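Notes to accompany the following structure.
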Amino acid sequence: MIKDTIKKALQELFPVPEPVVAETPPTEAAEGEETKAKKTVKEGPRVNGVIERDYNACGYHLDAQVDPGELLAAVLILDKAGFFIESITGVDWIKEDQLEVIYDFSRYDFDLCRVVIRTRTPRTAPKVPTISKIFSGANWHERETHDFFGIKFEGHPHLIPLLLPEDADFHPLLKDFKP
Amino acid sequence: MGAYFSEIFRGLQSLAIGMGITFREFFKPVVTVSYPMETLKMSARYRGHIELVEDEKGQPKCVACGMCQRACPSGCISLASESVEYEVEEKGETKTKKKKVLTKYNLNFTTCSLCGQCVENCSFGAIDFSKEYNLASSRKEDFHFDLLQRLKERNS
Amino acid sequence: MNPTVALSQAPGLLTADGLAGVVFLIMLATTIIGGIIACNAERLVRAVAGLIVCFIGVAAMYYYLNSPFVAMMQMLIYVGAVCITIAFAIMLASPEENKKHGPAGPLSGPLGIVTAGLVTFGMGAMALKTDFIPMPKINMGTVENIGVELLTTYSMVFELVSIVLLISIIGALVIARQGRSK
Amino acid sequence: MSILTLHNNLNTYLLLAALLFGMGIYGLVTRRTLIGMLISSELILAAASINFMAFNRFTAPDPTVGQIFTLFIMAIAAAEAAIGLSITIAVYRNYKSVDTEDLVDLKG
Amino acid sequence: MSAPIHIQPGETFTLNVGPQHPATHGVLRVKLEMDGEYIVHAETVLGYIHRMHELMGENRTYPQVLPNLSRLDYLGALGYTHGHVLAVERASGIEVPERAEYIRAITVEMNRIASHLFWFGAFVMDLGGFTPLMYAIQDREYILDILERVTGSRLTYCYYRFGGLYNDIDDEFIPATKAFIPRMRESLKKYDALVTGNIILQKRLKDIGPLSKELCRKYGATGPVARGSGIDFDVRKNEPYSVYPEFDFDIPVYHECDSFARYKVRMDEMEQSLRIIEQGLEKLPDGPIMPAKKPKLIKPPAGDYYQAVETARGSFGIRIVSDGGKNAYRFKLRSPTYSNMHLFDEACEGMLIMDALALMGSLDLVIPEIDR
Amino acid sequence: MSLTVLNAIIAVVIAIGFAALNAAYLVWAERRGAGRIQRRPGPNVNGPLGLLQPLADGAKLMTKQLMIPGGADKALFMVAPVLAMAPAIMSFVTIPFSDVIVAKSMDVGVLMIFAFASLGSMSILFAGWSSRNKYGVMASVRAVSQAISYEVPMLITVITIVMMTGSMNLHDLAVSQAGGFWHWNIIPSLASPLMPVSFLIFFICSLAETNRAPFDLGEAESELVAGFHTEYGSMGFGLFFMGEYANIVIGASLITILFLGGWGCPFGLFPSVFWFLLKIYLLIATFIWIRWTFPRTTIYGLLNLSWKILIPISLFNLLLTAGLLKVF
């Protein structure tokens, strides 16, 4: 199963096993996952690590949170394993003063595995390395995320507004955006 | 050399087949409807703009609960009501009851997306879709419908 | 045909000959105007347009000179081929579309006029001063005559011209394709 | 002599040819670009052709000769135009200009 | 045709294809750097009809967003609505009656055929043939008539509801659809003879606009674009949802990677959709169209939910990040054409403008869906 | 006023009138025909069967303002549509509609038509260039390269016919085929066994020369907006339009005279102008039919067709016919 190999590979990114990962064995029931997810939202930012999700409840299999610094390594693993990029988007966690960037990956073959990679960056100076060098298709997705959230993708070749007007200086999907 | 000529021949053949099809279509009857001269009857479920439904007395069924207004995604419905006291005979005695009466029901059709949420959310069956589709105007104001007014006009 | 015979009586304006004369004058004017545009226009495309106008006039001249075949060839070759080639070259080789191509230097304008005037004057004077003696015609110069002559008397020249054309086509391709490799 | 019979007069054609020739010379002297000079040279060729045709019509005993010569001139003119223009394009590729004044660099 | 390897500097010019251009089918602008008729570099400029549907999704309650989804892709609106209702049903755990799912599948497939028909006509019109568009529209009208009788509108259906449907199918639906299937098969044969077999069309599409498998993967191309490049990927098969596992249908895949392969994929897909409709009508169970117990107010529990569906243009993904409220906290739409269009910039380099526009046509663009 | 002038004026009026009327009603026929092929009625509101539609179109075109884009070369911009229309009308001069109806029978009639046709491509070039529109320039370059490359096989085919007949006079060409369809040039004979192929080549070339679909690259609307006349409106566009249709009539006439026996009846009886018109309108109907059936070719497909298929075959045909004429 590709899911397990990817999970293993992603876990190797974190040299010190995160306590959260250790506490949640992959066999844990979906409900437990749910409650845990709820809790993390309530309690504060989630700790980095890989969680295996229930596909029927969430729509994806692996949910990995990494530091921006580890992002490229994580994406490279997926690229090597033949994943394709579905989308990149952001979420504004204004209460935690953080911006989250979510990368969706999926596979073309019948070995079903959707992987979500998240990374968080402070709201004041949001910076994430670009993955458009690995997946050329990330180019527009990153530009779009930059449009909507103002996240700087470092090393992006052409980070100008894509969907918003060329002179747009606002980021409409930030929760404190007033039109 | 053989491939050269066979390609030319196959090409010409495919062109001839195509021309045969358009030739046959030429003699088939016209399928379009010349719109202003002929019109189509709209299907029973056709979703035009909304219209107030009247009860037996010719009054709007609407009780001005505002569900449609809340359900509308584009905020194109605005309604107002006032409380009127009315007397009913109940168990031999006259009681005064309060009732909300619709005084204004405006539909801003320019922003309506015809999703049907208002009709779906109406618990009283007080609004329904009209079958009207001949709506063309160059003025924006023509699409601000006063549905109460339309109801009155329909009744008169 | 003896030109002096035709010169003796003047046709009325509304007869066939008179109309022919009027049309000739129009074509003459066309030729000259076209020529002036061709050598004087600031934009090269206009110069080509002038050249076309001039060539149409020249074709009409040929028609009046009893050789419709050459007239049509003039149109076909000059207008249809040479002028289009020049226009293509302008499109390919002058990206500054609106750049005006004025005279080469301060003196070139007057100098050009003087040179051209002298040449024209010399040639014109020579033409007017000389008495050209018409010779009796041995044929009518029809298309048939041309064809026969081309393939008998001038067959060698004809072949040589073909070779020149072939070589020029190949040469043009070789020169113009430099710098663009596929 | 009426103005309407000018087309039957040899001198008309000779003068026209002289005029066109003059224009061609003027163009050659004043034009700065290769294409402009080419256009002018076409005028000169046209002038020569008119002369041939005129003499052919009015004086020559065999009126096919001039026509054939004119046809040859056309062929040569077409060849000249093709070659000239390909040279122009080649020059443009190297110098980014067809201005004769810019083409002073002998090193190519 | 091979591309010029060596381009003279300063010999290129910029050509603006769009924002209003017949080939872009909407307001899309492609800045082309041209060397004669060859494209040296292309840059797509988006956003001319960007309407910020994602922000609307955050500001409105879940049912209120429903009409927005039809506005994404006006040709295949039902597929997108399907994605939304499935996502919300997954998030809030609503069970859907089987009959509703079957009707959804049938109508989605009909909408897919309608969308492909319109694409077929518009694509052939891009290539200069106008008549096939008219024939395609005739067949499409038939579908729209059936759908109008059921849903009440012809283009921007707002038919699906969380847990079921707005209303059940009417009496005429089944006979009309059954009559439609043989008629459509007949039409497909006609298109095959008139257009597919045409030598001019084949010369224009074969070996034109190659999109390699790797290019598709790097850009995340899905749908017929990926399937034309030999990628056996269809969300309906790879990640079965709704009642699609019940149906027996094939995924047409062509390995030529050219525009003609993409053309053939869509033509074959119409046939497969007809098969699904046929089976759906056969298996259509009786029963309710709405679940017995349905929450009055839809408030999915906090979490991050993703749902992908196969629309006419590819894999449409919808991500709902919920904080437990009645509005979505984050509402992300992953539209297939966005990724498919993205690869155009890279793929068209070195092509002739004619071929590039044929390639653009074969991507099946619906601009509102790209811009969202 | 003398008879000559009157004659000249009448001839001019008839030529322009014929061209304009044809242009107007061929547009109508094209739209109706396209409508029928696509199973819609086509223009049907103005007058019975929409017969007054051309008048309405004409009135609309004439009353519109002629916009000249900024930066355009005004003089050339204005001249180009005239240059498109005038040669087309000029070509009518030498076309014999019947034994007697011909304005000027010329010994070089065929050449004259080609000479004036070459002016048409100049007008396209100027129109595209002068409107300072990149699409216009690209389209005009395409249209001209197309016109030039299709002139070659066309002329070679014409030479084949001229060789067989021994005359370049259109009248003689038609007369030589008199007396029934078995005398027509399209029917292969011992000396010219490949004549149907020649006819096909000539037909394809005239489609290409008149910028008709599937060779309408000069106005490929899905790539080049409206091609060389993108910037033209009003009567400027109208003249291009009329010129195009006049060219179609000339192309059809040329095919009729060269291959289909001109005004001769297919059964060898009563040759008259009626047969001529019948033949050209049938050919034009085929043009329309073809236009509404096929997609457009690519520019290289088009040039390949000309240089790799039409020119070799027509050259071979020329050589074969020359050899066989010597034998028989």
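The values are calculated or read from the model by the stated rules, or taken from the named source; none is laboratory data. Since the model is a prediction, treat every value here as computed from it, not as a measurement. Methodologically, a virtual Cβ is constructed for each residue, glycine included, from the backbone with ideal geometry; neighbour enumeration extends over all protein chains shown. The protein model used for the area step is the full one, side chains on, heavy atoms only, and it has no ligands, DNA or RNA in it. Shrake-Rupley method; radii C 1.70, N 1.55, O 1.52, S 1.80 Å.
Is one or more of the residues making up the stretch E:272-291 surrounded by 17 or more Cβ atoms within 10 Å (Cβ to Cβ) and without any contact (Cβ under 8 Å) to a residue 24 or more places away in the chain?
yes
May I ask you to verify whether residue E:56 is within 14 Å of chain B (Cβ to nearest Cβ), surrounded by fewer than 24 Cβ atoms within 10 Å (Cβ to Cβ) and of a type in the set (A, V, I, L, M, F, W, C)?
Details: within 14 Å of chain B (Cβ to nearest Cβ): yes; surrounded by fewer than 24 Cβ atoms within 10 Å (Cβ to Cβ): yes; of a type in the set (A, V, I, L, M, F, W, C): yes.
So residue E:56 fits the description; yes.
So residue D:97 clears everything in (1) at pLDDT below 85; (2) buried (at least 20 other Cβ atoms within 10 Å of the Cβ); (3) more than 7 Å from chain C (Cβ to nearest Cβ) except one condition, right? Which one?
(2)
Name the residues in the stretch D:59-69 that are surrounded by fewer than 24 Cβ atoms within 10 Å (Cβ to Cβ), facing chain C (nearest Cβ under 7 Å) and touching a residue at least 12 places away in the same chain (Cβ under 8 Å), would you?
Result: D:59, single match.
Can you tell me which of E:137, E:143 is modelled with pLDDT of 85 or more, out of contact with any Pro (no Cβ under 6 Å at 6 or more places or on another chain) and under 20 Å from residue E:284 (Cβ atoms)? Walk me through it before giving the result.
Working: E:137 fails: under 20 Å from residue E:284 (Cβ atoms).
After ruling out the rest, the residue left standing is E:143.
Hey, can you tell me all the residues within the stretch F:281-315 that are more than 14 Å from chain E (Cβ to nearest Cβ) and either surrounded by fewer than 22 Cβ atoms within 10 Å (Cβ to Cβ) or within 25 Å of residue F:27 (Cα to Cα) (or both)?
Result: F:281, F:282, F:283, F:284, F:285, F:286, F:287, F:307, F:311, F:312, F:313, F:315.
What residue, of E:139, E:145, E:168, is in contact with a Leu (Cβ under 9 Å, 6 or more places away or on another chain) and of a type in the set (Asp, Glu)? Don't jump to the end; show me each part of the working.
Numbers: E:145 fails: in contact with a Leu (Cβ under 9 Å, 6 or more places away or on another chain); E:168 fails: in contact with a Leu (Cβ under 9 Å, 6 or more places away or on another chain).
Criteria check complete, one pass: E:139.
Are there any pairs with C-beta distances below 7 angstrom linking a residue in the stretch A:150-179 that is in contact (Cβ under 8 Å) with a residue 40 or more places away in the chain to a residue that is assigned to a loop (DSSP other than H, G, I, E, B) and open to solvent by 70 Å² or more (accessible area, probe 1.4 Å), with the two at least 6 apart or on different chains, and if so which?
Going by the 7 Å Cβ cut-off, there are no qualifying pairs.
For the stretch B:134-152, how many residues meet the condition of being part of a loop (DSSP other than H, G, I, E, B) and open to solvent by less than 70 Å² (accessible area, probe 1.4 Å)?
Keep residues of the stretch B:134-152 that are part of a loop (DSSP other than H, G, I, E, B), which gives B:134-139.
In the following step, the residues that additionally are open to solvent by less than 70 Å² (accessible area, probe 1.4 Å) were identified as B:135, B:137.
Qualifying residue count, the stretch B:134-152: 2.
How many residues are among the aromatic types (Phe, Trp, Tyr) and assigned to a loop (DSSP other than H, G, I, E, B) if we restrict to the stretch A:147-169? Outline the logic, then answer.
Residues of the stretch A:147-169 among the aromatic types (Phe, Trp, Tyr): A:148-149, A:153.
This time we only want the ones that are assigned to a loop (DSSP other than H, G, I, E, B), so: none.
Residues in the stretch A:147-169 being among the aromatic types (Phe, Trp, Tyr) and assigned to a loop (DSSP other than H, G, I, E, B): 0 in total.
Considering the stretch B:48-68 alone, what residues qualify as being among the aliphatic types (A, V, I, L, M), assigned to a loop (DSSP other than H, G, I, E, B) and open to solvent by 20 Å² or more (accessible area, probe 1.4 Å)?
Selection gives B:53, B:63.
Has the stretch C:6-29 got at least one residue that is at pLDDT below 80, over 23 Å from the mean Cα position of the chain (by Cα), of a type in the set (A, V, I, L, M) and crowded, with 18+ Cβ neighbours inside 10 Å?
yes
Exactly one condition in (1) polar (S, T, N, Q); (2) away from chain A (no Cβ under 11 Å); (3) closer than 21 Å to residue A:55 by Cα is false for residue E:362; which is it?
It is condition (3) that residue E:362 fails.
Consider residue C:159 against the criteria (1) part of a helix (DSSP H, G or I); (2) surrounded by 13 or more Cβ atoms within 10 Å (Cβ to Cβ): it satisfies all of them except one. Which criterion is unmet?
The failed condition is (2).
Go through the stretch E:90-100 and give me each residue that's surrounded by fewer than 22 Cβ atoms within 10 Å (Cβ to Cβ) and either of a type in the set (Asp, Glu) or under 9 Å from residue E:164 (Cα atoms) (or both).
To start, the set of residues in the stretch E:90-100 that are surrounded by fewer than 22 Cβ atoms within 10 Å (Cβ to Cβ) comprises E:90, E:92-95, E:97-99.
Scanning the stretch E:90-100 gives E:95, E:97, E:98, E:99.
Considering only residues of the stretch E:313-334 that are facing another protein chain (nearest Cβ under 9 Å) and closer than 18 Å to residue E:224 by Cα, which is surrounded by the fewest Cβ atoms within 10 Å (Cβ to Cβ)?
If we take residues in the stretch E:313-334 being facing another protein chain (nearest Cβ under 9 Å) and closer than 18 Å to residue E:224 by Cα, then E:334 is surrounded by the fewest Cβ atoms within 10 Å (Cβ to Cβ).
Considering only the stretch D:80-88, I want to know if a residue exists there that is buried (at least 20 other Cβ atoms within 10 Å of the Cβ), modelled with pLDDT of 85 or more, part of a helix (DSSP H, G or I) and more than 7 Å from every other protein chain (Cβ to nearest Cβ).
No, the stretch D:80-88 has no match at all.
Quick one: in the stretch F:30-66, of everything that is more than 20 Å from residue F:284 (Cβ to Cβ) and polar (S, T, N, Q), which residue is modelled with the highest pLDDT? Spell out how you get there, then give the answer.
Step one: filter the stretch F:30-66 for residues more than 20 Å from residue F:284 (Cβ to Cβ), giving F:39-41, F:44-48, F:52, F:55-56, F:59-66.
Filter once more, keeping what is polar (S, T, N, Q): F:44, F:46, F:63, F:65.
Working: F:44: 82, F:46: 81, F:63: 87, F:65: 81.
Out of the qualifying residues, it is F:63.
Mind checking whether some residue in the stretch E:169-178 is over 20 Å from residue E:311 (Cβ atoms) and out of contact with any helix residue (DSSP H, G or I) (no Cβ under 9 Å at 6 or more places or on another chain)?
Yes, because at least one residue in the stretch E:169-178 is over 20 Å from residue E:311 (Cβ atoms) and out of contact with any helix residue (DSSP H, G or I) (no Cβ under 9 Å at 6 or more places or on another chain).
Identify, from the list B:73, B:29, B:36, the residue that is in a loop (DSSP other than H, G, I, E, B) and surrounded by 12 or more Cβ atoms within 10 Å (Cβ to Cβ).
On the way: B:29 fails: surrounded by 12 or more Cβ atoms within 10 Å (Cβ to Cβ); B:36 fails: surrounded by 12 or more Cβ atoms within 10 Å (Cβ to Cβ).
Within the list B:73, B:29, B:36, the selection yields B:73.
Filter the strands (runs of 3 or more DSSP E) completely within the stretch A:75-139 down to those with at least 3 residues that are more than 17 Å from residue A:150 (Cα to Cα) and either open to solvent by less than 10 Å² (accessible area, probe 1.4 Å) or touching a strand residue (DSSP E or B) at 6+ places or on another chain (Cβ under 8 Å) (or both). Outline the logic, then answer.
Details: elements: A:83-93, A:98-107, A:115-122, A:127-129.
Qualifying strands (runs of 3 or more DSSP E): A:83-93, A:98-107, A:115-122.
Report, ordered by the first and then the second residue, all pairs with beta carbons closer than 6 Å, sequence separation of six or more or different chains, a first member in the stretch E:120-144 that is farther than 19 Å from residue E:271 by Cβ and facing another protein chain (nearest Cβ under 8 Å), and a second member that is β-branched (Val, Ile, Thr) and crowded, with 23+ Cβ neighbours inside 10 Å.
E:131/F:37
Do we find a residue being closer than 19 Å to residue C:142 by Cβ, within 7 Å of chain C (Cβ to nearest Cβ), open to solvent by 10 Å² or more (accessible area, probe 1.4 Å) and out of contact with any helix residue (DSSP H, G or I) (no Cβ under 7 Å at 6 or more places or on another chain) anywhere in the stretch D:2-17? Don't jump to the end; show me each part of the working.
So the first thing to find is which residues in the stretch D:2-17 are closer than 19 Å to residue C:142 by Cβ, and the list is none.
No - not one qualifying residue is present in the stretch D:2-17.
Among the residues of the stretch C:150-182, count how many are within 7 Å of another protein chain (Cβ to nearest Cβ) and under 23 Å from the mean Cα position of the chain (by Cα).
In the first step, residues of the stretch C:150-182 are kept if they are within 7 Å of another protein chain (Cβ to nearest Cβ); the result is C:150, C:154, C:157, C:161, C:164-165, C:168-169, C:171-172, C:175-176, C:178-182.
Adding the requirement that they be under 23 Å from the mean Cα position of the chain (by Cα) leaves C:150, C:154, C:157, C:161, C:164-165, C:168-169, C:172.
Going through the stretch C:150-182 one residue at a time, the tally reaches 9.
Before we move on, is residue D:52 assigned to a helix (DSSP H, G or I) and at the interface with chain C (Cβ under 7 Å from one of its Cβ atoms)? Can you show your working first?
Values: assigned to a helix (DSSP H, G or I): yes; at the interface with chain C (Cβ under 7 Å from one of its Cβ atoms): no.
Taking the combined requirement at face value, the residue does not satisfy it.
Going by what's in this entry, would residue E:47 be described as free of Cβ contacts under 8 Å to residues at least 40 places away in the same chain, open to solvent by less than 40 Å² (accessible area, probe 1.4 Å) and not β-branched (Val, Ile, Thr)?
Details: free of Cβ contacts under 8 Å to residues at least 40 places away in the same chain: no; open to solvent by less than 40 Å² (accessible area, probe 1.4 Å): yes; not β-branched (Val, Ile, Thr): yes.
Spelling it out, it is not the case that residue E:47 is free of Cβ contacts under 8 Å to residues at least 40 places away in the same chain, open to solvent by less than 40 Å² (accessible area, probe 1.4 Å) and not β-branched (Val, Ile, Thr).
If I go through the stretch E:99-148 residue by residue, how many of them are at positive phi and assigned to a helix (DSSP H, G or I)?
Within the stretch E:99-148, the subset at positive phi is E:128.
Subset that is assigned to a helix (DSSP H, G or I): none.
Summing the residues that are at positive phi and assigned to a helix (DSSP H, G or I) in the stretch E:99-148 gives 0.
Would you mind finding the one in C:76, C:92 that is at pLDDT below 80, surrounded by fewer than 24 Cβ atoms within 10 Å (Cβ to Cβ) and either assigned to a helix (DSSP H, G or I) or more than 10 Å from chain F (Cβ to nearest Cβ) (or both)? Break it down into steps so the answer makes sense when it comes.
Working: C:76 fails: at pLDDT below 80.
Of C:76, C:92, the one residue that is at pLDDT below 80, surrounded by fewer than 24 Cβ atoms within 10 Å (Cβ to Cβ) and either assigned to a helix (DSSP H, G or I) or more than 10 Å from chain F (Cβ to nearest Cβ) (or both) is C:92.
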